[in-house]
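A short worksheet on the structure shown next.
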Amino acid sequence: MVARIPASRLVREIGGPLRDGAGAGAEQGDPGERLPAYRRLAEAIRSAVVDGRIPTGATLPSERSLTEVLDVSRTTVTRAYAVLVADDWAISRRGSGTVLKLPGRRPEPSGPLVPTEPSVGGSAGAPTPGDLTCAASDAPPGFAAALEAATRSLPGHLRGIGYHPLGLPELRSAIADRYRARGLPTDAENILVTPGALAAINVVARTYLDPGDRVVVESPGYPNSMAAVTASGARPIALGLGAGRWDVEELAATVRRSAPAFALLMPDFQNPTGALLGADDRRAVAEVLRAARVPAVIDETMAELVLDDIDQPPPFARFDPHTVTVGSTSKTFWGGLRVGWIRAPRSEIDRLARSMSTLFLSASLLDQLIATHLLGEIDTILPDRRRSYRSARDRLVAAVGEHLPQWRRTVPPGGLSLWCRLPEPIAPLVVAAAQARGVLIVAGHQFGVGGGLAHHVRLTYGGRADTLDAVVARVAAGYREVLDRGWVPPATLGAGAGLIA
Ligand SMILES: Cc1ncc(COP(=O)(O)O)c(C=O)c1O
C-alpha cells in the first residue's frame, strides 16, 4: 500500500502556494520565476524529495485536489506530474496515481551502517582520527575493573552450562534496577537479554512482523533497524523528522494511512538527529498509537547519553505500558560488549525468547558479567563519560561553525551525532571529496527511507576529540572543491552506499 500525501501537506512541504519566485529554485538561487508554472511545481516537488521532506514511495495528491489547493489550472498540475514522470522522479500507476521515486533504479533501502575495520596488523580498534562514520566510543576507564570483577565471579558459573536463554538473572535485575532509577517500574521478569540492541530489534521484527506488513520509522532514522524491518519482509514507512522534530499530527496521519504492525521510534537522542521527544509529545505520541492500536517499539540505545543540563523525560514506556523497549550497553559503556535487551510486558517475554532462540541461544556469559558490574558502577562511570562527550560535541559544533558556517545544525542535547544541513543537495559528493582527504562521514541518504536527504550529512563525536577541528577543516576543503568544480544533483541517491569503509 502506498501512502497518498494530502494536497495541503504537499503545498506546505514545497514552501507554500505557487507564486512567482516561490517553491522551486528559490533554494538553489535559480531564476525560478522565469520558468513556467508547471516547471516550477515539478522542481519544487523534486527538491522536497531530494531534501527528504517528502518520502519516495509516496503517492502525489490527486490532480484535482492539488489544483484546488494551489489555485492553478488543472493543466499546470497535469504537466508538472508529467515532467516528474518524464524525468524519472515519479511513475504513473493506472488506478493508484503518481508515485514519487528517485531517478534510475527502483528505490532501494539504505545499506547497513557498519563500523570500519582497522586494517590487518593495524592497531586493535584504536579510533581512526578521520573516521566519523560511527556513533561510538572507546571503553570507559571503569571497564578494566569491571572485567576483573567479572573474571573473579566467572568460576562460580563454570559448573553451570553457561546458557541463559532469558539472560543472566543478576543482569536482568541490574537492568530492571536501572529502569526503576530512571522512573519506570520494572522487574527482572520484564527483561530479555540479547547480544546487543540491533539483535534485539531483529528479534522484535521477527516476532511481530509478517511479510507485507508495514512499520512506521523515523526518516532520517537508524539504517540498520530499517534493514531489520526489511529483512522480515515488512516495509518501512517514513515519518519525516523535519528539522529534528516529531510531528504528532503527521504521525497520526501516517498511522491512519499505513496501518502499521508497529511504530519504531527513538525518542531519546534520536540517531542521527540527536533530537529528544519532550514529555508532552511523548504523551501525545502514546495516545495516537494507543487510539490506533499500534504498538510502540522504542529504541533507547542512546538514552543514557544526556549531555546538557535538561530534564530528560521518563522512558517512553511510562506513557504506554504496552511499549516494547530496546536498550544496550553499547553507547553507555562500550560497543565491544555485546549486551542489549528487550524490556516488555511479562506476557511478551516468553514469546520473544522463543523467537530469539533460533537465532541466539544466549548472550555471552562473560559479557553479561561485565555488564552487570558496569551497571553497578553506572553512577560513577556516566558523569565522566557525559562530560567528555559534551566537550567533544562542543568542539565539533564549534569546528563546523568556523569551517562550514553555511551548514545548518541543531546542537543535539544528547547522543553521539551532529546532523548537518547543507545549502545544496550534494551530500554524496561532499562525502566522496572528504574521503579523498582521508575523512569518512556518512551522507544523508543512508538514513532516509528509500534514500533522499541529499542536503544532509551526519558527523559523530564519539572518537578522538583533539583532531575534530582538523578533520572538519578537511571536510570543508572537500565541500569547497565540490562547489568550485560545479555540481549537478547526484542521481544515485537511492542506491545506498552498502558497507561504509
Ligand atoms: C539507534 C541505535 N540502535 C541500535 C544500535 C545497535 O546497538 P548495539 O551495538 O547494541 O547492537 C545502534 C548503534 O549504533 C544505534 O545507534
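Tell me, yes or no, whether the range 414-422 has at least one residue that is hydroxyl-bearing (Ser, Thr, Tyr) and not in a helix (DSSP H, G or I).
yes
Any idea which of (1) within 16 Å of the ligand (Cβ to nearest atom); (2) out of contact with any strand residue (DSSP E or B) (no Cβ under 8 Å at 6 or more places or on another chain); (3) open to solvent by less than 10 Å² (accessible area, probe 1.4 Å) is the one Ser364 doesn't satisfy?
Unmet condition: (3).
Output the residue which, of all residues in the range 241-262 that are closer than 23 Å to Pro412 by Cα and touching a helix residue (DSSP H, G or I) at 6+ places or on another chain (Cβ under 7 Å), is least open to solvent (accessible area, probe 1.4 Å).
Per the criteria, the residue is Leu251.
In the range 135-153, how many residues are open to solvent by less than 30 Å² (accessible area, probe 1.4 Å) and more than 16 Å from the ligand (Cβ to nearest atom)?
4
Just to be sure before I move on: is Ile349 surrounded by fewer than 23 Cβ atoms within 10 Å (Cβ to Cβ), in a helix (DSSP H, G or I), aliphatic (A, V, I, L, M) and assigned by TED's automatic domain parsing to the domain that holds Leu171 in the structure I sent?
Yes, satisfied.
Does any residue in the range 457-484 that is over 14 Å from Ser137 (Cβ atoms) and open to solvent by less than 30 Å² (accessible area, probe 1.4 Å) come within less than 9 Å, Cβ to Cβ, of a residue that is assigned to a strand (DSSP E or B) and of a type in the set (Ser, Thr, Tyr) six or more places away or on a different chain, and which pairs are these?
Here the result reads Arg458/Ser417; Leu459/Ser417, each pair linking the range 457-484 to a residue that is assigned to a strand (DSSP E or B) and of a type in the set (Ser, Thr, Tyr).
If you take the residues in the range 299-325 that are closer than 21 Å to Ala253 by Cβ and more than 16 Å from the ligand (Cβ to nearest atom), which one is least open to solvent (accessible area, probe 1.4 Å)?
Selected residue: Asp320.
Going through Ala292, Ala296 one at a time, which residue ends up being open to solvent by 10 Å² or more (accessible area, probe 1.4 Å) and not assigned by TED's automatic domain parsing to the domain that holds Gln446?
Working: Ala296 fails: open to solvent by 10 Å² or more (accessible area, probe 1.4 Å).
Only one candidate qualifies: Ala292.
List pairs: first residue in the range 137-160 and touching a residue at least 60 places away in the same chain (Cβ under 8 Å), second residue part of a loop (DSSP other than H, G, I, E, B) and among the aromatic types (Phe, Trp, Tyr) anywhere in the structure, Cβ distance under 8 angstrom, at least six positions apart or on different chains.
So the pair list comes out as Ser137/Trp334; Asp138/Trp334; Ala139/Phe333; Ala139/Trp334; Pro140/Phe333; Pro140/Trp334; Phe143/Phe333; Phe143/Trp334.
Condition first: farther than 16 Å from Gly274 by Cα, within 22 Å of the chain's Cα centre (by Cα) and among the β-branched types (Val, Ile, Thr). Now tell me which residues in the range 440-471 satisfy that.
Of everything in the range 440-471, those that are farther than 16 Å from Gly274 by Cα, within 22 Å of the chain's Cα centre (by Cα) and among the β-branched types (Val, Ile, Thr) turn out to be Ile441, Val449.
When you go through (1) modelled with pLDDT of 95 or more; (2) not assigned by TED's automatic domain parsing to the domain that holds Thr194 one by one for Ile370, which number turns out not to apply?
If we test Ile370 against (1) modelled with pLDDT of 95 or more; (2) not assigned by TED's automatic domain parsing to the domain that holds Thr194, just (2) comes out false.
May I ask you to list the residues in the range 192-216 that are within 15 Å of the ligand (Cβ to nearest atom) and touching a Phe, Trp or Tyr at 6+ places or on another chain (Cβ under 7 Å)?
Leu192, Val193, Thr194, Pro195, Ala199, Ala200, Val215
Out of the range 384-398, which residues are away from the ligand (no atom under 16 Å from the Cβ) and surrounded by 21 or more Cβ atoms within 10 Å (Cβ to Cβ)?
Matches in the range 384-398: Ala392, Leu396.
Residue check, Ile45 against (1) open to solvent by 20 Å² or more (accessible area, probe 1.4 Å); (2) at pLDDT 85 or above; (3) among the aliphatic types (A, V, I, L, M), all met but one. Which one?
Exception for Ile45: condition (1).
Based on what the data block shows, is Pro223 buried (at least 23 other Cβ atoms within 10 Å of the Cβ), within 11 Å of the ligand (Cβ to nearest atom) and more than 20 Å from Ala317 (Cβ to Cβ)?
When the stated conditions are applied, Pro223 passes them.
The values are calculated or read from the model by the stated rules, or taken from the named source; none is laboratory data. Predicted model, so just to flag it, every value in this text is computed and none were measured. Cβ sites come from the backbone with ideal geometry, for glycine too, and all protein chains shown count toward neighbours. We work out accessible area using only protein heavy atoms, side chains counted, and drop any ligands, DNA or RNA first. Shrake-Rupley method; radii C 1.70, N 1.55, O 1.52, S 1.80 Å.
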